[in-house]
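Enquirer: My questions will all concern the structure given below.
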Amino acid sequence: MFGAIFAPLKWLLPVFLTIWSIVLSGGETVEFTILATADLHGCMAQLQNAVAPAVAQYHKSGPQSVIYVDIGDTAQGAYPVNRRRGAGVLPQLAAAGCKLWVPGNHEMEYGFEAFKRMVNEFSGTVLAANLHAPELTGKVKPYVIVELNQVKVAFIGLMLQNMNNCFPVAEERFQTLPGRAALRKSINEARSDGAGVIVLLRHAGKYGSGENLPELLKNMPEVDLVIGAHTHQSEPGCRIGRVWYVQPPSHGRGLLTVKVKYDLSKRQIRQIESGIEVLDVYKESHIAQEFESVKPCRTADEPAQRMRAFTQADLALYAANRSSMERLLSLENPRLIDYYNAFPYFDPVITVKVTDRELHEIMREYLKFAHKRKQLLLTAGFSYRARRGKLHGLIMEKEQDVYVLAISAYAAAGAGGQLPDTRRILINKINHKQAENAPGILRVITGKD
């Protein structure tokens, strides 16, 4: 018999709790606590000043029964972090007490080499059961068993599947596979290793990555708890089928707490009490470079023109947020931080060769994508006629059989699965070495690191 207690979310309260209980006859019961963050997005001041002290306080009350985990999108989202390609973030996460980390999709934004550096920087355990990356064998584990107050708890990690669609890298070096088979294998092995509780740490959360959670968990009754991420929608606790689902707030604005009561004699969970401890919000620090002056943009296509000039390409193509571009164009004396606000992703800029026919096909798909996301499609070396996301024609500055096109590595790889035709056309034309070392869009259009 299960019962859940739901309270309305009131941000004036420091903690919001939900409880899932199962009625059992008496036995020796112990408790352990899981603390979690996700989608920190480079908020290092928040991590150091709010999250770390809160975690430390829990450890004081029961160091052998508390563990802190993070479910990814950690090392991207702030200019000081982006300019270092995420370097130095994972040691800070470990210093805050984090023991387990599941990489998110944005961890691949800088390329596979940067991803490897981040993984190797983390002194805790990196979990990703569905990751195929031979160069990280031994460093990334499918699951780990942690003993918390006499209970063997298995933590299984799952990254988003098909992350090759986020950055061009050879599949023999890096591939994130569908989660179902990897999850079943890890559950079986963890049970054989004596795990009494199974916790899934899944960056995709309830939805996303082509696998919704109910579908993923079909015929997986062993999973007791799922901690999700990615959507920036916090969840203090709810049932999905027979599984208890929770998700931390983004940007470190709260600490997810999960207290589990476990019957040692019956080897069964008696109660899960979960909630979100709302934390004070600290302003992120800036570095001097962010306030340096940058030449203003006079037209919406000027960033693409700068891409073309920087790469010495024939053409350039980039999608930018419409409202952010409008704000940037309104500034007479923009600073680097103003450009960063308009171009907040690292987005390495690469070059590929395309025919006129291929360019038309890419533009048809990219226009639909940009229209749906309320983005401007910036071009250089050519212009286009379109209405409501539908291409009506291209106007080339100079007719050629083959063009060198400057484009973001993210778009060329398929934009996380949203540009499949673009990926099909370009993926075998990409120079992977060039992509790994390519400058980010901010450097390309501002000339500043």
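Enquirer: Could you compute the net charge surrounding His59? Neighbours are other residues with a C-beta less than 15 Å from the C-beta of His59; K and R count +1, D and E count -1. Walk me through the intermediate numbers first.
Expert: Working: positive: Lys60, Lys99, Lys259; negative: Glu31, Glu277.
Overall, the nearby charge balance is +1.
Enquirer: A further question follows. When ranked by the protection proxy of mean other Cβ atoms within 10 Å per residue, highest first, what sequence do the peptides 188-197, 437-446, 266-275 form?
Expert: Numbers: 188-197: 16.4, 437-446: 20.9, 266-275: 18.6.
In decreasing order of mean packing, 188-197, 437-446, 266-275 become 437-446, 266-275, 188-197.
Enquirer: From the P(r) of region 61-213, could you give the percentage of C-alpha pairs in the tail past 26 Å? Working shown, then result.
Expert: Working: 2751 of 11628 pairs.
The share of Cα pairs beyond 26 Å in region 61-213 comes to 24 percent.
Enquirer: Work out from phi, with θ = phi - 60° and the Karplus expression 6.51 cos²θ - 1.76 cosθ + 1.60, the ³J(HN,Hα) of each residue of region 246-259, listed in order in whole Hz, and give x for Gly and Pro.
Expert: 9, 8, x, x, 7, 6, x, 7, x, 10, 6, 10, 10, 9
Enquirer: Can you tell me, using C-alpha contacts under 8 Å and at least 6 residues apart, the relative contact order of the chain as a whole percent? Intermediate values should be presented prior to the final figure.
Expert: Numbers: 1036 pairs, mean separation 76.4, N = 449.
Taking the mean separation of contacting Cα pairs over the length of the chain, I get 17 percent.
Enquirer: Per q in 0.10, 0.11, 0.12, 0.17 Å⁻¹, report the Debye log10 I(q)/I(0) for region 317-449, using one uniform scatterer on each alpha carbon and no solvent.
Expert: Scattering profile of region 317-449, log10 relative to I(0): -0.33, -0.40, -0.47, -0.97.
Enquirer: Separate question: Under 1.5 on a/c is rounded, so check that first for region 138-287, then, if it is not, pick prolate when a/b is larger than b/c and oblate when it is not; a ≥ b ≥ c are the square roots of the alpha carbon gyration tensor eigenvalues.
Expert: Values: a/c = 1.69, a/b = 1.09, b/c = 1.54.
Verdict is oblate for region 138-287.
Enquirer: Right, next: What angle do you read, to the nearest 10 degrees and between 0 and 90, between the alpha-carbon axis of helix 52-61 and the longest principal axis of the chain?
Expert: Compared with the principal axis, the helix lies near 10 degrees.
Enquirer: Please give the peptides 222-228, 368-374 ranked by average Cβ packing (other Cβ atoms within 10 Å per residue), highest first, as a rough proxy for protection. Please list the in-between numbers first.
Expert: Numbers: 222-228: 23.1, 368-374: 14.7.
Top to bottom by mean Cβ count within 10 Å: 222-228, 368-374.
Enquirer: A further question on this structure: Looking at the chain only, what percent of DSSP beta bridges run antiparallel? Nearest 5 please. Please report the intermediate quantities before stating the final value.
Expert: Numbers: 62 of 90 bridges.
Approximately 70 percent, going by the DSSP bridge assignments.
Enquirer: Could you tell me how many cubic angstrom of Cα convex hull volume the chain has per residue?
Expert: Details: hull volume 66.6 nm³, N = 449.
About 148 Å³ per residue, rounded to a whole number.
Enquirer: Follow-up question, since we're still on this one. On a 0 to 90° scale, report how tilted helix 302-311 is relative to the longest principal axis of the chain, with both axes built from alpha carbons and the result rounded to the nearest 10.
Expert: Rounded to the nearest ten degrees, it is 90.
Enquirer: Listed here are the pairs Lys390/Lys429; Lys116/Lys353; Lys141/Lys433; Lys99/Lys374; which of them are more than 31 Å apart at the Cα? Each step should come with its number before you reach the end.
Expert: Working: Lys390/Lys429 26 Å; Lys116/Lys353 29 Å; Lys141/Lys433 27 Å; Lys99/Lys374 39 Å.
Violating the 31 Å limit, Cα to Cα: Lys99/Lys374.
Enquirer: Sorted by packing (mean other beta-carbon atoms within 10 Å per residue), highest first, where do 113-122, 278-287, 63-72 land? Could you put the intermediate results ahead of the total?
Expert: On the way: 113-122: 18.8, 278-287: 13.6, 63-72: 22.7.
Order by mean packing, descending: 63-72, 113-122, 278-287.
Enquirer: Return the calculated 222 nm mean residue ellipticity for the chain, to the nearest 500 deg cm²/dmol, obtained by summing -39500 (n - 2.57) across DSSP H runs with n ≥ 4 and dividing by the residue count.
Expert: Details: 14 runs with 115 residues, N = 449.
Estimated from H runs of four or more residues: -7000 deg cm²/dmol.
Enquirer: Same structure again: How far, in degrees from 0 to 90, does helix 112-121 lean away from the longest principal axis of the Cα atoms of the chain, to the nearest 10?
Expert: 30 degrees
A short reminder: the numbers here are calculations on the coordinates, not readings from a lab. Since the structure is predicted, the reported quantities are computational estimates derived from the model, not experimental observations. A quick note on method: Cβ atoms are made from the backbone with ideal geometry, for glycine too, and the neighbour counts reach across all protein chains shown.
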